[in-house]
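Here's the structure, in structure tokens; my notes come after.
Nothing in this text is a laboratory measurement; each read-out follows from the coordinates by a stated rule. The model shown is predicted, which means the values in this text are computed figures rather than measured ones. Note that each Cβ is placed from the backbone with ideal geometry, even for glycine, and that neighbours are counted across all protein chains shown.
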Amino acid sequence: MLSFVGILGLTLAFALIPSYLRAGSDTRDHATAYAIWNTSFLLWIAALIQMRGNTNPRFDAGWVWPLAMLLIAFNWLMPFGFSMAIVYLHPCMALVLLDRELKKSRPNWRPAYHALLLLMPVYVAVLWFRLHDSPALLGTDPLTTAITNHAGDWFFTGVSNHFLVALHTFLEMVHYGIWVLVIPLIGLRSLPWRLETIPAARRSIRWKRGVATLLLVGLGIVLLLWTCFLVDYGTTRYIYFLAALLHVLAEIPFLLRLV
């Protein structure tokens with residue numbers, strides 16, 4: 001219940017922040033609003049970890065509250081810094097989940113995967129040396145502004161936004177590549193278009209039709225999303241970001257269940 005309430009409540013609260021911050025709001029109002037959200041986020045995670053410690057005697061959760069209080073203090077000192085840390089660190093959750101999935105279904109692949117993980121800092125270093133002092137990305141149109149703002153151009157003022165956009169794009173591609181391609185392929189035991197291999201589709205002909213319909217609806221949503229991005233990037237990005245936030249929050253309870 002706590003997981004469900006936290007996922008929906010935090011997503012709804014984040015969606016309501018822009019309506020709370022009127023056009024005349026100053027930077028302090030923005031900082032306070034996001035500091036409150038970040039605090040709620042940290043307390044929610046700490047409570048989930050404590051609950052996991054109570055149900056799993058092998059997991060010691062005694063460290064969680066001191067660490068949570070330390071992070072909350074940092075959050076109130078630098079609310080925007082904490083928010084940017086979430087933007088850049090949350091793709092790492094997919095790396096952890098992939099390692100857990102490999103441990104369960106493909107343990108012989110883990111050494112190669114761990115070797116590939118060592119290349120991540122190398123890729124980031126290459127981006128840094130190539131782009132950290134490169135000229136800023138050209139363009140003041142809404143699309144370019146939205147992309148650079150999301151990458152933290154307004155926060156990391158001493159770094160080229162070319163590097164920030166490249167780094168953010170790289171991390172998100174790794175994140176979604178794991179979720180959309182790697183994890184499904186690990187569990188693949190037959191051709192993906194053979195619906196009879198899906199357990200739910202084997203229950204009856206109605207269930208098979210339902211699974212097929214669900215897959216077609218998903219494909220339709222993807223096409224609609226890309227069309228909306230072309231028509232109105234700003235609005236579509238905001239809606240998609242809320243869906244992505246919901247997805248990130250939902251990852252946390254699943255990750256804790258693996259501990």
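Taking other residues whose beta carbon is less than 11 angstrom from the beta carbon of LEU117, and scoring Lys, Arg as +1 and Asp, Glu as -1, yields 0.
Which residues make up the longest stretch of the chain clear of trypsin sites (Lys or Arg not before Pro) that lie in a DSSP loop with no more than 13 other Cβ atoms within 10 Å, not counting the sites?
59-188
Structural descriptor for the chain: relative contact order 22 percent, calculated from alpha carbon pairs under 8 angstrom and at least 6 residues apart. Screening the chain for whole DSSP H helices with an alpha carbon extent of at least 30 angstrom along the helix axis and a mean Kyte-Doolittle hydropathy of at least 0.5 yields 205-231, 233-257. Per residue, the average separation of C-alpha pairs within less than 8 Å and at least 6 apart gives the range 50-200 a relative contact order of 24 percent.
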